[in-house]
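The values are calculated or read from the model by the stated rules, or taken from the named source; none is laboratory data. Just so you know, these numbers come straight off a predicted model, no measurement behind them. So basically every Cβ, Gly included, is an ideal-geometry build from the backbone, and we count neighbours across all protein chains shown. When the accessible area is computed, the model is the full protein with side chains, heavy atoms only, and any ligands, DNA or RNA have been set aside. Shrake-Rupley method; radii C 1.70, N 1.55, O 1.52, S 1.80 Å.
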Amino acid sequence: MPYEFYKILHFTGLILTFTSLSGYIFYLVQNKSNEKKKLFSILHGIGLLILLVSGFGLAARLGLVSQLPLWVYIKIAIWLLVGGSIALIKRQVMGPMALYLIVVALSILAAITAVTKFV
Ligand code: HEM
């Protein structure tokens, strides 16, 4: 598949991951139905999977897979933290809004890492 295909998939994963996280937090804060929370939790998982697969697809198209640069490892670390966010919300480790802001900050860092490749 061409590079553009993986990039569109990467953005699709991004959108799915963050809109589902927002939906999950909304229903959590509103103390609303568990079905909806479950649905958003599943969509979050699907979004993360698409992000990871498309991320490696992009890395392959850029010829980086044989020796992954540090910036890709940083992105994988951020992906793991974003992946753990719903579990942290469920365990109420901190307030949903605080965690949401941390996840947004992490994602902006991931985008900066991808665009500037500063390391
Ligand atoms: C929360 C997680 C992530 C976010 C927010 C994110 C965000 C982005 C963004 C915004 C771009 C486009 C940059 C551009 O237009 O130049 C991008 C590109 C890319 N991402 Fe991710 N990404 C994430 C996870 C990952 C993961 C886990 C991998 C690796 C397995 C990865 C590998 C890549 C690669 C290789 C590119 C292409 C860079 C280029 O074209 O120069 N990303 N990412």
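Worth pointing out:
- Residues residue 64 and residue 101, FRET efficiency given R0 of 35 Å [Cβ-Cβ distance, rounded to 0.05]: 0.70
- Placing unit charges on the Cβ atoms only, positive for Lys and Arg and negative for Asp and Glu, gives the chain a dipole magnitude near 220 debye about its Cα centre.
- Straight-distance crosslink candidates among lysines, where the alpha carbon sits under 16 Å from residue 75 and sequence neighbours closer than 8 are dropped: 7, 117
- Whichever lysines have a C-alpha closer than 21 Å to that of residue 37, once near sequence neighbours (fewer than 8 apart) are set aside: 90
- Candidate residues 109, 80: accessible-area rank, largest first, probe 1.4 Å: 80, 109
- Between residue 108 and residue 42, the contour length at 0.36 nm per residue exceeds the Cα-Cα span by 21.5 nm.
- Taking every protein chain into account, the accessible area of the stretch 3-116 amounts to 59 square angstrom per residue (probe 1.4 Å).
- Sequence-ordered 3J(HN,Hα) estimates for the stretch 92-100 from the Karplus curve with 6.51, -1.76 and 1.60 and θ = phi - 60° stand at 6, 4, 8, x, x, 5, 4, 5, 4 Hz, glycine and proline given as x.
- A DSSP coil position with no more than 11 other Cβ atoms inside 10 Å describes the following trypsin sites (Lys or Arg not before Pro) in the stretch 1-76: 32.
- If a spin label sat at a point 7 angstrom from the Cα of residue 94 along the line to its beta carbon, the backbone N atoms of the stretch 46-82 nearer than 17 Å would be those of 78-82.
- For residue 115, solvent-accessible area (1.4 Å; no DNA, RNA or ligand), Å²: 120
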